[in-house]
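Asker: Below is the structure I would like to discuss, written out as structure tokens.
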Amino acid sequence: MAEDFFTARSYFERERSGDEITSSQEDYLEMIYRMCIAEGKRVKVSELAKRLNVAVPSATKAVSRLVGTGLVSCERYGSVYLTEKGRCKGAYLLKRHNVLKEFFCILHSDAELAHKEAELAEHFMSPQTIFKLEYLNKMLKKLENELELMPQTVKI
């Protein structure tokens, strides 16, 4: 049986349903959720922009799009709040990131690289894959001593 091949973007677009948000919107929502957990129930757009290393107008535009999805609400020139739907989605996005980061840390014990790889990979992972990786992480943790004997770097 022949396999069809597509670009990474094409795979992503083919899998998206009409109500899903973009990978960029996921990054914004995940950060809003992180900030809400750490600092309270509201987030200032300027602080969000600072945390994501983007310009304030870019963050304002992204928040406006998230408002349109029903994931956040926003006061004009004020604070951004998560809706119930946004809290649920944000919690999943943060969990997804943490599961992937843990997996990559187990593989090569470089937290900075693990964070970068998780940020890049998370948008293309299905919930089923994340669920199975979470279980696999628990199993690999039990084998941590054996994994530490593996070479940490590979030249290509």
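The values are calculated or read from the model by the stated rules, or taken from the named source; none is laboratory data. The model shown is predicted, which means the values in this text are computed figures rather than measured ones. Cβ coordinates were reconstructed from backbone atoms using ideal geometry, including for glycine residues, and neighbour counts include every protein chain displayed.
Asker: Of the residues that make up segment 69-86, is at least one in contact (Cβ under 8 Å) with a residue 40 or more places away in the chain, of a type outside the set (Gly, Ala, Ser), surrounded by fewer than 16 Cβ atoms within 10 Å (Cβ to Cβ) and in contact with a helix residue (DSSP H, G or I) (Cβ under 6 Å, 6 or more places away or on another chain)? Before the answer, list the steps.
Answerer: Going through segment 69-86, the residues in contact (Cβ under 8 Å) with a residue 40 or more places away in the chain turn out to be 69, 71-72, 80-82, 86.
Within this subset, residues satisfying the condition of being of a type outside the set (Gly, Ala, Ser) are 69, 71-72, 80-82.
Add one more test, that the residue is surrounded by fewer than 16 Cβ atoms within 10 Å (Cβ to Cβ), and what stays is none.
No, because not a single residue in segment 69-86 is in contact (Cβ under 8 Å) with a residue 40 or more places away in the chain, of a type outside the set (Gly, Ala, Ser), surrounded by fewer than 16 Cβ atoms within 10 Å (Cβ to Cβ) and in contact with a helix residue (DSSP H, G or I) (Cβ under 6 Å, 6 or more places away or on another chain).
Asker: Cβ contacts < 6 Å: first residue of a type in the set (S, T, N, Q), restricted to segment 44-65; second residue surrounded by fewer than 16 Cβ atoms within 10 Å (Cβ to Cβ), any location; separation 6+ or different chain. Result?
Answerer: Here the result reads SER46/VAL56, each pair linking segment 44-65 to a residue that is surrounded by fewer than 16 Cβ atoms within 10 Å (Cβ to Cβ).
Asker: Checking the structure you have, find out if any residue of segment 47-57 is assigned to a helix (DSSP H, G or I), among the polar types (S, T, N, Q) and outside the structural domain of LEU120 (by TED's automatic domain parsing).
Answerer: To start, the set of residues in segment 47-57 that are assigned to a helix (DSSP H, G or I) comprises 47-52, 56-57.
From what is left, the residues that are among the polar types (S, T, N, Q) are none.
No, segment 47-57 contains no residue that is assigned to a helix (DSSP H, G or I), among the polar types (S, T, N, Q) and outside the structural domain of LEU120 (by TED's automatic domain parsing).
Asker: Mind checking which residues of segment 87-122 are surrounded by fewer than 16 Cβ atoms within 10 Å (Cβ to Cβ) and closer than 20 Å to ARG9 by Cα?
Answerer: LYS116, GLU119, LEU120 - these are the residues of segment 87-122 that are surrounded by fewer than 16 Cβ atoms within 10 Å (Cβ to Cβ) and closer than 20 Å to ARG9 by Cα.
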